[in-house]
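K.L.:
Here it is, the structure in full.
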Amino acid sequence: MALDQLTGPPAPSPPPAPAPRRSGRLGRAALALLLTVALCGGGALVGSLVHDDGPGHPGEWDHRVQPYVAFVERTRGLRFDHPVAVYFLSPAQYRHAITSASDGPVTGDDAAAATDASRNRRALGLQRALGLVEGDPDLEEAAADLGGEGTLAYYDFVRKVVNVKGSEVTPSMEGTLVHELTHALQDQHYDLQRRNERADSEEAAVLRSVLEGDAMTVEAAYVQSLPEEQQRRIQEESRSQAEDADAQLAEVPAALRAAQAIPYYLGRPYVSLTETTRAGALDPGRLDDLMGDLPDVTAALFTPVDGAEEPARVKPPDLGRKPFLRDTVGAFSLFVLLADRIDPVVAMDAVDGWEGDALAAAEVSRSGAERVCIAATFRMAGDDDAAELSGALTTWSRTMPAEAGVAVDRSGRSVELRSCDPGASARGTSTGKAFTALLVPAGRLELTSAFVGQGVGLEEAACMANRVIRQLTLDELASVEASPELTQRLREMTSAAAQAC
């Protein structure tokens, strides 16, 4: 649903399409990107078998992208230091480019093969323990689908090139090129590879969200600059692409799709909130200032007001075995984990009080077999916040397979979660709506930005957005156009929220 129908014309929401234009991955062992990190290792998504490296960068721009370079520079208020190579690939080449770089060398080493098998087994066990998947899905195929079918292009911040799926510059491809060229411009000014190497999982997720939000804002500005007929063609083409991608990704678990998409859904309105002035205009200079001092945790993006800017120090519970993974869950992944099995508004409220957490995963002996088990401690802002998260996790635990042995304990402001891999045959009651559920926190954040753009103070804007968003169903949030009846109800909701806040 277009939220500007009740708030005025802020920048458009991220489309409810499962095919965001993903740039090179910006994570290490981030739980927020659990699938791609676990299966694709720590390198960037590059097309090393499709193109050569060349002399560093071309001397001039490809004539097909030249018209969009000036727009990106003008809109972003920055200039390119030099041209960037852009490779237009067939769908097969594109899928190969995204997936082959993580394969590693073929050595015939049995020990290496055993290590790979152990890593994949642990990754699957970890995701089942967290309730993100059930059964025995082919995670490598899911990763290939998310990369090859779930994206249209990406900027590789290691090799400094843009890979694009397709050779024809269609109306929607123009926006894609603007998006990826924005990533290239970001890299030349912010040194993405260096920043990624220094980031932990939460910092990497924040960085990626802001970069994607920036690129989506520039892309939207480009589309809005076009004649109405051309905008209509882009909308039709994008809708068709979204339907195709939705069909192709039908077998990918919703929680994994949500984990990939959440930086796009929250990054865009967060950047809009950062750039919005009281007059409702956007000031890209504010984003440049933000890039110099990004928040350390995803909670700062997830919760518009009073979200933690840096994590509290937390230790994970003891699993009795040496962990093979220590990481932070973070606000993004905690929401996806919860929203795949419980009401998304309840999940959002439970995440809002997050101040820090720590997770450990190890292979533990259970019932005569080695199973992947996890233990996590969450530190909340207050006792009431801890009670809310404890209640949400308890509800979530009832949807998990009994074989997982989930335990939730609360002590003061801390909540402890334990769970084990229930096995391939175990089944719980996942809703499968984690992907659609992203519209709830994203809609809240976008409404907050829109109200601020109308001159409302930040705290009041966040209060109003909180009241409005919880009165809308997922179907209403996902609708392309609001009916006259819904539009009127939205205006009434907004008026009532303004009086209450």
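The values are calculated or read from the model by the stated rules, or taken from the named source; none is laboratory data. Fair warning: this is a prediction, and the values are worked out from it, not measured in the lab. Glycine also receives a Cβ, built like all others from the backbone with ideal geometry; neighbour counts cover every protein chain displayed.
K.L.:
Any idea which of E460, E481, E446 is modelled with pLDDT under 95 and either more than 19 Å from A281 (Cβ to Cβ) or assigned by TED's automatic domain parsing to the domain that holds S272 (or both)?
P.N.:
E481
K.L.:
For region 205-229, what are the residues that are part of a helix (DSSP H, G or I), modelled with pLDDT under 95 and more than 22 Å from L152 (Cβ to Cβ)?
P.N.:
E228, E229
K.L.:
So in region 241-281, with the set limited to residues that are of a type in the set (V, I, T) and within 27 Å of L458 (Cα to Cα), which one is farthest from the chain's Cα centre (by Cα)? Break it down into steps so the answer makes sense when it comes.
P.N.:
In the first step, residues of region 241-281 are kept if they are of a type in the set (V, I, T); the result is 252, 262, 271, 274, 276-277.
Next cut, within 27 Å of L458 (Cα to Cα) only: 262, 271, 274, 276-277.
On the way: I262: 3, V271: 14, T274: 18, T276: 22, T277: 26 Å.
Ranking the qualifying residues of region 241-281, first place goes to T277.
K.L.:
Among the residues in region 406-425, are any at pLDDT 95 or above, crowded, with 22+ Cβ neighbours inside 10 Å and in a helix (DSSP H, G or I)?
P.N.:
Checked region 406-425: no residue is at pLDDT 95 or above, crowded, with 22+ Cβ neighbours inside 10 Å and in a helix (DSSP H, G or I).
K.L.:
Give the residue that is nearest to L124 (Cα to Cα), with candidates limited to residues of region 362-382 that are in contact with an Asp or Glu (Cβ under 8 Å, 6 or more places away or on another chain), assigned to a strand (DSSP E or B) and among the hydrophobic types (A, V, I, L, M, F, W, C).
P.N.:
Checked region 362-382; the qualifying residue nearest to L124 (Cα to Cα) is V372.
K.L.:
Mind checking which helices (runs of 4 or more DSSP H) fall wholly inside region 252-304 and carry at least 3 residues that are under 23 Å from L334 (Cβ atoms) and of a type in the set (G, A, S)? If you could, list the steps in order and put the result at the bottom.
P.N.:
Details: elements: 254-275, 284-291, 299-302.
Per the criteria, 254-275.
K.L.:
Pairs under 6 Å by beta carbon, first residue assigned to a loop (DSSP other than H, G, I, E, B) in region 469-487, partner surrounded by 15 or more Cβ atoms within 10 Å (Cβ to Cβ), six or more apart or different chains?
P.N.:
R470/V345; Q471/M493; S479/M1; A482/M1
K.L.:
Could you tell me whether region 93-101 includes any residue that is within 20 Å of the chain's Cα centre (by Cα) and at pLDDT below 80? Lay out the reasoning, then the answer.
P.N.:
Let us first name the residues in region 93-101 that are within 20 Å of the chain's Cα centre (by Cα), namely 98-99.
Then drop every residue that is not at pLDDT below 80, which leaves 98-99.
Among the residues of region 93-101, at least one is within 20 Å of the chain's Cα centre (by Cα) and at pLDDT below 80, which makes the answer yes.
K.L.:
Within region 392-402, is even one residue in contact (Cβ under 8 Å) with a residue 24 or more places away in the chain, outside any helix (DSSP H, G or I), in the same structural domain as R489 (by TED's automatic domain parsing) and under 25 Å from the mean Cα position of the chain (by Cα)?
P.N.:
no
K.L.:
So in region 309-337, with the set limited to residues that are within 21 Å of E446 (Cβ to Cβ) and aliphatic (A, V, I, L, M), which one is surrounded by the most Cβ atoms within 10 Å (Cβ to Cβ)?
P.N.:
The extreme case among them is V336.
K.L.:
Taking region 230-251 on its own, how many of its residues are closer than 30 Å to R427 by Cα, in a helix (DSSP H, G or I) and of a type in the set (D, E)?
P.N.:
Here is the first cut: in region 230-251, the ones closer than 30 Å to R427 by Cα are 242-251.
This time we only want the ones that are in a helix (DSSP H, G or I), so: 242-248.
This time we only want the ones that are of a type in the set (D, E), so: 243-244, 246.
Residues meeting the conditions: 3.
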